[in-house]
1. Filtering segment 433-458 down to residues that are among the polar types (S, T, N, Q) and closer than 30 Å to Asn239 by Cβ, which residue is surrounded by the most Cβ atoms within 10 Å (Cβ to Cβ)?
2. Considering each of Gly835, Gly892 in turn, give the residue that is within 19 Å of Leu789 (Cβ to Cβ), of a type outside the set (Lys, Arg) and buried (at least 17 other Cβ atoms within 10 Å of the Cβ).
3. Scan segment 238-247 and tell me whether some residue there is in the same structural domain as Gln461 (by TED's automatic domain parsing), over 29 Å from Thr165 (Cα atoms), in contact (Cβ under 8 Å) with a residue 12 or more places away in the chain and small (Gly, Ala, Ser).
4. May I ask you to verify whether Tyr99 is outside the structural domain of Asn241 (by TED's automatic domain parsing), under 30 Å from Phe247 (Cβ atoms), surrounded by fewer than 16 Cβ atoms within 10 Å (Cβ to Cβ) and touching a residue at least 40 places away in the same chain (Cβ under 8 Å)?
5. Would you mind finding the one in Ser410, Ser430 that is in contact (Cβ under 8 Å) with a residue 12 or more places away in the chain, assigned to a strand (DSSP E or B) and under 24 Å from Glu479 (Cβ atoms)?
6. Where in segment 777-859 are there strands (runs of 3 or more DSSP E), lying fully within it, with 2 or more residues that are among the aromatic types (Phe, Trp, Tyr) and over 30 Å from Asp722 (Cα atoms)?
7. Quick check on this structure: which one of Phe136, Phe169 is modelled with pLDDT of 95 or more and of a type outside the set (Ser, Thr, Tyr)?
8. Can you tell me which of Glu903, Glu897 is acidic (Asp, Glu) and free of Cβ contacts under 8 Å to residues at least 12 places away in the same chain?
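The values are calculated or read from the model by the stated rules, or taken from the named source; none is laboratory data. Since this is a predicted model, take the numbers as computed values, not measurements. Cβ: placed from backbone, ideal geometry, glycine included. Neighbour counts: every protein chain shown.
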Amino acid sequence: MNVRGAILTIGLALLVAFQTVLHAQNYGTRLGIQRGGEVSFEPRGPGVLFGALDPAVQRWYVPQELYYEFRWRQWEYSNYARDQYQRYINTNLEGDYFYDFFGNYINRGWLVYDWRQDQPQELGSGIFKGSQFEQFFSSVTVSGDSRGQYSYAITVGNAIRTTLTPMTFSKPNFNGVQIDFASDKYAATVLASRINDPAVGVTINPRRQSNSTSLFGGRALAQVGDFITVGGTMVNAHNANTALDMFEGNLLAGNLTSGQTSTPVTAIAIVLSDDSPEDEAGGAALFSHDIRIKSRDFETGLETVLTLDEVVREGAEWPTVFGGFPRTGFLAADGTERIILNYDFTDPAYVGPDLTTIVEVEFDYVLANDFKVEMWSNLQTGTRPVPPPPLTNQVIEEAEPVLIDIRRASGNIKDISNAQRVLFNYGLPSANMVAGFTIEGKNVWGFDFYGEWNNNLRYFQYPNAALFNANEGHEVSTESGQATIFNLSKEAYPFFTYGEAYSVDADYSTSAFVSLPGGDVFYDDPIRSVYEFVADNDDQDRRPDWARVGSQANDREVFPGWDENLDFISDFNQNDNRSVPNSIPDYEEPFLRYHVDRPEFLFGIDLNNNGWIDRFEDDDLADYPYKPDRRGYNVFFGVHLLPEARLLVGRLDERMLSDDRDNQTSYAMFTLDKDYPGFGRVRVFDMLKRVVDTIPDDRRAPLPFLDAPTPPLVADMLFFPDTWINTAWLGVDYTAIANFEIVNKLKYERYNQAQDEARDIDGRILAGSSSLLGLINKFEYKLHLGRFLLQPRLKSEYFRQDAFVLAEEDLKQWTGIASLLAQVPLLNSSVVDFGVELAQFNELVQQEEDMVEQGVAEETGDLRSAVFAVQLTNNSNYLGYKLTTQLGLRIGRTFTELVQEVEPRVFDKLTKGRTETTSFITIYAGL
């Protein structure tokens, strides 16, 4: 090829390349603008096209997307005969463009989560959760970074397991933002959430509010030396209105909502009552009362304070007082009686400042004995209508207005020796805060310890519409409560010791009132208007036990300590689930009841002496380490007698702060758990206690099955006012012979009252001595005959419990069970199971002969049953799943013994039978 040809070829190639470039897609600045070695995406605004500066009258459009991507010109004829039409492509397939506060390009993608608070502005609080937050990230995102020893993470989720300290903040389902930092010696956490509506699920548009309740909190830790760690904690939840300036007023106290300030306070009532009404004596004693009313001239700013004498018309009575018993020098409210002081600002007897100018109301009372102070006003809304003033005892009983606790006396004084001046302000709750510090030591001179002190402040503000409209802060008052806990332990084998001391005020609270979207607060509706910093989660699962804001559906599957295999099902009803409900507990169900013993045979520690083992206890209280309204200590010392045996002695001494009740328990405990080669396992537990307990600790009954209604509360009847209690449990498992097992369990409890004619909480006379005896003997043998398996089983269960109350009947019964199981393999993956069970139940207290003689026509309590069952099980693989198919039949015949009138005034013992059958074919699929 000559030079001329080469030049021609190169020219043609350049021309083709130039034409290709001309027809390539132009993305403008969507892929950024390169300046030097960097690509910039910052917004620059539109520029001036010098090529378009022609003074022509004809309308001309700047080429946009259709021109650069599809070569479409608006002035040309469109014909798709040869160049076929290309459909529009969604320009948002890759999301939107996002920029930060400073104009920096963030990315092109999707808005997953956005929480913004703009103040002052109506509807200034908004939360957005896109569908990607739920679908892509399963409602939780985690961002973080680390370098060297420093790490931090930002977690946003609908259900975050979060704990600062057990006394301040602990929830299994925190919905909000958690920011964590950690280094070798320091750690910190920040929490934030709009707790009245954190937006659960997908929000198509931002969920905006003017009235909101925000939570902010955190914890910081610092290691001091090698063994000590100190920390600080603060959690604050406050109501706010975004139309107000955030920094106008008290940030910690928050603001009153528009619903709380839309109307003025027209009436206030102070209710004095007996803090321990059950004793019907020594209730609230009112010696004197005064009031100070502060008003403001909003034009001049002048504030005036007037007392009671200055705001009452001469010759009139104000406030109006209802209830109470006149005593020498004071008015008393004993038992269920109440003293109600009504301050009606619309009453003609009131001649004080106009109610729209009042900015603060303070009460000055002199009280004594066991008083409780509650307050009410026309602005304290609830699920029921607000009654008109005046408030009376009858109105309180019938209308059930919302009363807010303010103060209560310490102890249960009845001789007016605690006469005191009580000052408090009226206000609506606006915030709740808990703040404190912790100190923890590991192996400090051989000791481990942990201490925590917290102060709880409840904020109140007096509502005034003029202050709200002027964007000014309201007058703030506070009520406080403290909590202090400390525990210490040391292990110096074979010796060990543990001690704990605690004081938690009755007014210590981690509950915060939250605002509804309209600004109202339903103070008597915890499901919609109460948020808990510390949840009630006795079974320690992912759902709180009670229904509150953020967890409106309470956990009904609560059985603390009864789920040792961690399958979220009670171990006493293992075959119960949502797909196949079963309401019969395993210890009463045929074939299953051989291995499962009833809860009465369990043993353990019961330091609150309510007749229920502490670790199985379900209550309706926040899960603090120690209950509110308690102060006391517990200490024990012990020694390991053997590696498998230990002995300890200790004492618990605690009292209620708001009542004259205490729990003094001295105890000694011995435990042994040892395996003996060639024999089996031996377990021994014995605990001797001297109990003086007058503190009621109510609990909730365990859930019998998943679909059961909410279990009732079980009252602590205080059966042990001064009692010696000995609990002994012995377990012997014989496993020396292969395929042969004998299980024996013995439980014996003895109660001896140290007082003559001791009484329970209802005043009933208790038995001087009572006992509980339970004995279980079980025998099982597995006989292998080739591929066949036979299992003969025997079980005997004896249970006797004396009544604690003299007027109640004892319980005595025996159950005997004999069963035979057989298993026959078929082919490769099929098995046939056969089972026969015979059971006898005898009620040993009621004598059938006496019932016949006395003409009592009813069941005697004795019964026997026979059950036969056959079942075919097949395991197969199908479409990647493991299928288990079962079909079978169970037939049961039960014979109940009863006394009937066979002839006029002639009674005899008869047996009545009934037959129950169950047939089924069931298929299960698994992986």
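1. From segment 433-458, those among the polar types (S, T, N, Q) are 438, 443, 454-456; that's our starting set.
Subset that is closer than 30 Å to Asn239 by Cβ: 438, 454-456.
Working: Thr438: 21, Asn454: 23, Asn455: 16, Asn456: 26.
By that ranking, first place goes to Asn456.
2. On the way: Gly892 fails: within 19 Å of Leu789 (Cβ to Cβ).
One residue alone meets the criteria, Gly835.
3. yes
4. Values: outside the structural domain of Asn241 (by TED's automatic domain parsing): yes; under 30 Å from Phe247 (Cβ atoms): yes; surrounded by fewer than 16 Cβ atoms within 10 Å (Cβ to Cβ): yes; touching a residue at least 40 places away in the same chain (Cβ under 8 Å): yes.
Yes: the conditions hold for Tyr99.
5. Testing whether each residue is in contact (Cβ under 8 Å) with a residue 12 or more places away in the chain, assigned to a strand (DSSP E or B) and under 24 Å from Glu479 (Cβ atoms) leaves just Ser430.
6. Passing ranges, in order: 830-843.
7. Phe169
8. Glu903
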